[in-house]
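Participant: Below you'll find the structure I mean.
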Amino acid sequence: MSKLFTSTKVGPYELTHRVAMAPLTRMRSDPGDIPNGLMVKYYTQRASQGGLIVSEATPVSTRGNGYAGAPGIYSDAQIAGWQRVTDAVHSKGGRIFQQLWHVGRQSHVDLQPNGDAPVAPSAIAAEGYAYTKAGEVPFSIPRALELHEIPAIVEEFRAGAERSLRAGFDGVEIHGANGYLPDQFLQDGTNKRTDEYGGPIGNRARFLLEVTQATISVWGADRVGMRISPSGTYGSMSDSNPRATFGYVATALDRLGIAYLHVVEPRIKGTEEIAFGQAPVAVQHLRPKFSRTLIAAGGFNPASAEAIVASGDADLVAFGRHFISNPDLPERLRQGLPLNAYDRSTFYGGDSQGYTDYPTAKAAA
Ligand code: FNR
């Protein structure tokens, strides 16, 4: 009997299976970063009875954006577009949380208001590329936030969470992973501050925890989740003691009572050792520190997903790339059907191709 297809709870919600859709930036919104009909179709295709979707990351401000075409949650005009998405998911019996995002330094002056420098805890640039309208360009050198500016960014998350509520989402997930702003504050490779937001872990975690509390003030703790990537180096991330850093965060979030912790797992390549440069921190390490729902993501296939929920190390598994190419992924896993291959070239931006044209198993048969 498959454990993936047994019921579980996320906050107040009963789910009938444990195959979640991971947050996936697809950059297909309308001008004004407004969700459109094509996006409604994409989410409708991927919704399932009793299933959980985490939306693509949505910037809480224009300064929080690093990807042209990413849909936002910083203007009231965006609410109506999202309402169509949430209505469609609900009409199929699914649940959807909105991922709240501020990219911090992972941006470019062309994406920033007035061509300003992106903001970060410290003025250290990441290696990598921002997606502007003119294509991929190296990240700009950020400006270190002044102490007095930080409360306004926490407020952007709170206001974004309030718009999520108005747009009909079931909850929100704070994007604390993948080297974006909360992660930049958290890890000591990117945070060289000497004020109360830098130095010891209690200070470096302050921003992430303030954002969590602001979000809880809108939703209540049981409809708030947090995504972290303790082993990730994407966005030039590093920490001198990731086990201590992320253990502290898991404990603090548990105390705040949030619904779930969503952990991007260390990637194993075949039989090889961990592909990351820093000590890996798997969901197994965090399980004793977090008493509610744990979602694992990153490199799962049907067998490894079944194994991690059967072991009890995770309650749900979130799939990214397989969900891009298999709109009916939960049903395919339930029936043990083969999966469509995904096409990387259509991941970021474009039209319906590689977005809403992947067939279900039924349609293919
Ligand atoms: C991602 N990922 C991601 N993560 C996140 O927290 N917010 C996001 O918006 C995105 N966007 C995104 C876009 C695309 C095209 C990919 C491929 C990935 C990471 C994603 O949620 C997941 O952690 C990884 O894809 C690893 O899981 P899989 O793909 O191995 O199941």
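Participant: Since Asn340 meets every condition but one in (1) in contact with a helix residue (DSSP H, G or I) (Cβ under 6 Å, 6 or more places away or on another chain); (2) closer than 20 Å to Tyr13 by Cβ; (3) within 16 Å of the ligand (Cβ to nearest atom), which condition does it not meet?
Facilitator: (2)
Participant: Right, next: Checking Ser291 against (1) more than 15 Å from the ligand (Cβ to nearest atom); (2) closer than 29 Å to Ala221 by Cβ; (3) touching a residue at least 40 places away in the same chain (Cβ under 8 Å), which test does it fail?
Facilitator: All conditions pass for Ser291, except number (3).
Participant: Among the residues of segment 335-365, what is the count of those that are surrounded by 13 or more Cβ atoms within 10 Å (Cβ to Cβ) and part of a helix (DSSP H, G or I)?
Facilitator: Going through segment 335-365 one residue at a time, the tally reaches 2.
Participant: Looking for whichever is more than 14 Å from the chain's Cα centre (by Cα), within 16 Å of the ligand (Cβ to nearest atom), under 26 Å from Ala303 (Cα atoms) and modelled with pLDDT of 95 or more here; the options are Val54, Val19, Val85. Which one fits?
Facilitator: The unique qualifying residue is Val19.
Participant: Contact list please: Cβ distance under 9 Å, first residue in segment 334-345 and under 14 Å from Ala363 (Cβ atoms), second residue open to solvent by 60 Å² or more (accessible area, probe 1.4 Å), pairs at least six apart or on different chains.
Facilitator: Leu337/Glu331; Asn340/Ala364
Participant: Of the residues Lys3, Lys9, Lys41, which single one is over 26 Å from Ser325 (Cβ atoms) and open to solvent by 20 Å² or more (accessible area, probe 1.4 Å)?
Facilitator: Lys9
Listed here are the residues, each with its yes/no results for (1) in contact with a strand residue (DSSP E or B) (Cβ under 6 Å, 6 or more places away or on another chain); (2) surrounded by fewer than 24 Cβ atoms within 10 Å (Cβ to Cβ); (3) under 24 Å from Arg158 (Cβ atoms).
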site	(1), (2), (3)
Pro23	yes, no, yes
Asp30	no, yes, no
Gly37	no, yes, no
Gly50	yes, yes, no
Ala57	yes, no, yes
Ala80	no, yes, yes
Ser91	no, yes, no
Asp110	yes, yes, no
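Participant: Could you please find all residues in segment 142-172 being closer than 30 Å to Thr194 by Cβ and either in contact with a His (Cβ under 8 Å, 6 or more places away or on another chain) or open to solvent by 70 Å² or more (accessible area, probe 1.4 Å) (or both)?
Facilitator: Arg143, Glu146, Leu147, His148, Pro151, Ile153, Glu155, Glu156, Phe157
Participant: Check segment 209-224 and report whether any residue there is at negative phi, part of a loop (DSSP other than H, G, I, E, B) and open to solvent by less than 60 Å² (accessible area, probe 1.4 Å).
Facilitator: There is no residue in segment 209-224 that is at negative phi, part of a loop (DSSP other than H, G, I, E, B) and open to solvent by less than 60 Å² (accessible area, probe 1.4 Å).
Participant: In segment 294-301, is there at least one residue being in contact with a His (Cβ under 9 Å, 6 or more places away or on another chain), open to solvent by 30 Å² or more (accessible area, probe 1.4 Å) and within 16 Å of the ligand (Cβ to nearest atom)?
Facilitator: Within segment 294-301, one or more residues are in contact with a His (Cβ under 9 Å, 6 or more places away or on another chain), open to solvent by 30 Å² or more (accessible area, probe 1.4 Å) and within 16 Å of the ligand (Cβ to nearest atom).
Participant: Under the condition of being assigned to a helix (DSSP H, G or I) and away from the ligand (no atom under 13 Å from the Cβ), which residue from segment 302-315 is surrounded by the most Cβ atoms within 10 Å (Cβ to Cβ)?
Facilitator: Val309
Participant: What is the number of the single condition among (1) under 24 Å from Pro59 (Cβ atoms); (2) among the polar types (S, T, N, Q); (3) surrounded by fewer than 21 Cβ atoms within 10 Å (Cβ to Cβ) that Ser238 does not meet?
Facilitator: Failed condition: (1).
Participant: Which numbered condition trips up Arg243, out of (1) in a loop (DSSP other than H, G, I, E, B); (2) at pLDDT below 95; (3) more than 16 Å from the ligand (Cβ to nearest atom)?
Facilitator: (1)
Participant: Given Gly168, Gly235, Gly199, which one is at positive phi, part of a loop (DSSP other than H, G, I, E, B) and within 16 Å of the ligand (Cβ to nearest atom)?
Facilitator: Gly235
Participant: Can you tell me which residue within segment 316-334, out of those that are among the basic types (Lys, Arg) and away from the ligand (no atom under 11 Å from the Cβ), is most open to solvent (accessible area, probe 1.4 Å)?
Facilitator: Among those that are among the basic types (Lys, Arg) and away from the ligand (no atom under 11 Å from the Cβ), it is Arg334.
Participant: Select from segment 91-112 the residues that are in contact with a Leu (Cβ under 6 Å, 6 or more places away or on another chain) and assigned to a loop (DSSP other than H, G, I, E, B) and write down the one among them that is nearest to the ligand (Cβ to nearest atom).
Facilitator: Here the residue is His102.
Participant: A further question follows. Give segment 113-137 a look and list any residue that's touching a residue at least 12 places away in the same chain (Cβ under 8 Å), part of a strand (DSSP E or B) and either open to solvent by 40 Å² or more (accessible area, probe 1.4 Å) or basic (Lys, Arg) (or both), or say none.
Facilitator: Selection gives Tyr131 alone.
The values are calculated or read from the model by the stated rules, or taken from the named source; none is laboratory data. Source: prediction; values computed, not measured. Positions of Cβ are generated from backbone atoms using ideal geometry, with glycine treated the same way; all protein chains shown enter the neighbour counts. Side chains are part of the model used for accessible areas, which takes the heavy atoms of the whole protein and leaves out ligands, DNA and RNA. Shrake-Rupley method; radii C 1.70, N 1.55, O 1.52, S 1.80 Å.
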